[in-house]
Amino acid sequence: MSQHIVQALISGNTKLAVIGLGYVGLPAAIEFSKYIHVIGFDIDQKRIRAYQNGLDPADSGVEEIQNSSIEFTSDPGRLREAQFVIVAVPTPTAQDRTPDFSALMEASRIVGENLAHDAIVVFESTVYPGVTEELCVPVIEQASGLKCGQHWKIGYSPERINPGDPVHTFSTVRKIVSGMDKETTEEIQKVYELAVKAGTYPVSTIRTAEAVKVMENSQRDVNIAFMNECSKLCDKSDIDTYEVFEAMKTKWNGLPFQPGLVGGHCVGEDSYYLLEYAKKVGCSMSVLSHGRNTNEAMADYIACKAVEKMMGAKKDLKDCTVLVWGITFKENCSDIRNSKAADLIAKLRTYQINPIVTDEWADLESVREMYGIELVPFEKLPPADCIIVVVGHQRYQSLSIEQLLKMYKTDLPDNKKILLDIKSLYSLEELNASGLCFWRL
Ligand SMILES: NC(=O)c1ccc[n+]([C@@H]2O[C@H](COP(=O)([O-])OP(=O)(O)OC[C@H]3O[C@@H](n4cnc5c(N)ncnc54)[C@H](O)[C@@H]3O)[C@@H](O)[C@H]2O)c1
């Protein structure tokens, strides 16, 4: 089998295809398209049309899309033109929090039905060890009638980008790569090194590469869970959590984790994949399991804190105007999947509070469809009794305390203006001086 795909890509004799053009697939396609021919395939025709028209549903930058040479398509037959195929489709969890492999299986079938001879297929979707070789390969083999290792090769390279973060991008984060054998790993390395300036880090097996991704995200989940527990403890002890954490960081081995809501498509989901794998192999991961539960419970905890503060200020809950700032799963990003702000809002509603939600990053229609919430533009927010700043979008962060105070009902004394600053965006000193009734994790 020819293993010189990188040369064929450089000379334009073959193409690279990316399957699934979301937060992960699109930036990869854009970066590769600066050096080689790229086909960008997605089953979502609306999304393909948007990209063809230079629009940006996945936060990769309108200019980047408009200037790229990617051939966007939803015609699977075009995949036959590509000898290097990258798969970046979603791997969410189902209602019961078990892995949902349906998109992965569907993408594998599409790849199989349109597989070029001698191709290398690299999965980037987050999975637990064994999924690529045990679930995806058989589907591709069946759909193509071609044997893996003989007619085509398989690899896995987890994606580690941080959408919304201009520093940690496809090109600047070192890429873990793995192939079914040494030769394939080397070829995959060479292809990624065309576009990933930070270079690659090969590991010995596909299972190892799969483990890297779920474990690094689960490690983060557990560390945040511990900070959340510490934060609750500090709250009961009248100690400012962040003052403790800042001081802890001065030790050479202090870890810079913060308490908070863990939502989104990665950290909040990937631990469930690792827990499922642990169950499969009969291994207990009680630290991870408890940590996950701690993080899942944080939205309710914060909602209850808001209620406690409003009751403490002798407010009638049903007359309170509560504003929730931010619904995306994190700052400066449009992704609303697994939004913990939505959980927080649902909990507030159980107290007859009907929060008014704003978020200029989120798509109005998607929020309505996914959560039944009507977003209100920031400029149209009514004066508040209580503001819960959930997401650290730049806009909220850049407000001065004076501007913040103007967001409240004018007839309220400052100590009845309630602020929950979940991301600790504002200076503690200024908050203390403001007279606001504030609380932070
Ligand atoms: N978003 C992140 O921050 C991030 C970071 C690292 C890794 N990951 C992992 O990368 C993978 C992709 O995540 P994402 O955030 O880009 O998802 P996404 O939902 O933003 O994008 C996935 C795209 O795949 C398309 N798709 C679904 N099924 C398809 C199919 N059968 N064929 C072709 N296209 C299909 C969807 O239409 C969508 O456009 C997941 O496994 C995720 O866990 C995500």
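Summary table below
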quantity	calculated
Spans of helices (runs of 4 or more DSSP H) in the range 238-324 with at least 2 residues surrounded by 13 or more Cβ atoms within 10 Å (Cβ to Cβ) and among the aliphatic types (A, V, I, L, M)	241-248, 267-280, 298-312
Residue among TYR396, TYR351, TYR371 that alone is in contact with a strand residue (DSSP E or B) (Cβ under 6 Å, 6 or more places away or on another chain) and among the aromatic types (Phe, Trp, Tyr)	TYR396
Cβ-Cβ under 8 Å pairs, at least 6 apart or on other chains, the range 214-235 side in contact (Cβ under 8 Å) with a residue 12 or more places away in the chain, far side crowded, with 22+ Cβ neighbours inside 10 Å and charged (D, E, K, R)	VAL214/ASP270; ASN217/ASP270; SER218/ASP270; ASP221/ASP270; ASP221/ARG292; ALA225/ARG292
Inter-residue pairs, beta-carbon under 6 Å, first in the same structural domain as GLU308 (by TED's automatic domain parsing) and in the range 395-418, second among the aromatic types (Phe, Trp, Tyr), 6+ apart	TYR396/TRP325; LYS417/TYR408
Residue count, the range 110-150 (criterion: assigned to a loop (DSSP other than H, G, I, E, B), within 23 Å of the chain's Cα centre (by Cα), within 13 Å of the ligand (Cβ to nearest atom) and not hydroxyl-bearing (Ser, Thr, Tyr))	2
Those residues of the range 62-72 which are away from the ligand (no atom under 15 Å from the Cβ) and assigned to a loop (DSSP other than H, G, I, E, B), in sequence order	SER68, SER69
Members of the range 18-46 that are crowded, with 20+ Cβ neighbours inside 10 Å, among the charged types (D, E, K, R) and near the ligand (Cβ under 6 Å from one of its atoms)	ASP42
Breaking point among (1) within 12 Å of the ligand (Cβ to nearest atom); (2) free of Cβ contacts under 8 Å to residues at least 12 places away in the same chain; (3) exposed (fewer than 15 other Cβ atoms within 10 Å of the Cβ), for ALA50	(3)
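The values are calculated or read from the model by the stated rules, or taken from the named source; none is laboratory data. Everything numeric in this text was worked out from a predicted model, so none of it was measured. When we count neighbours, we look across all protein chains shown, and the Cβ atoms used for this are built from the backbone with ideal geometry, even at glycine.
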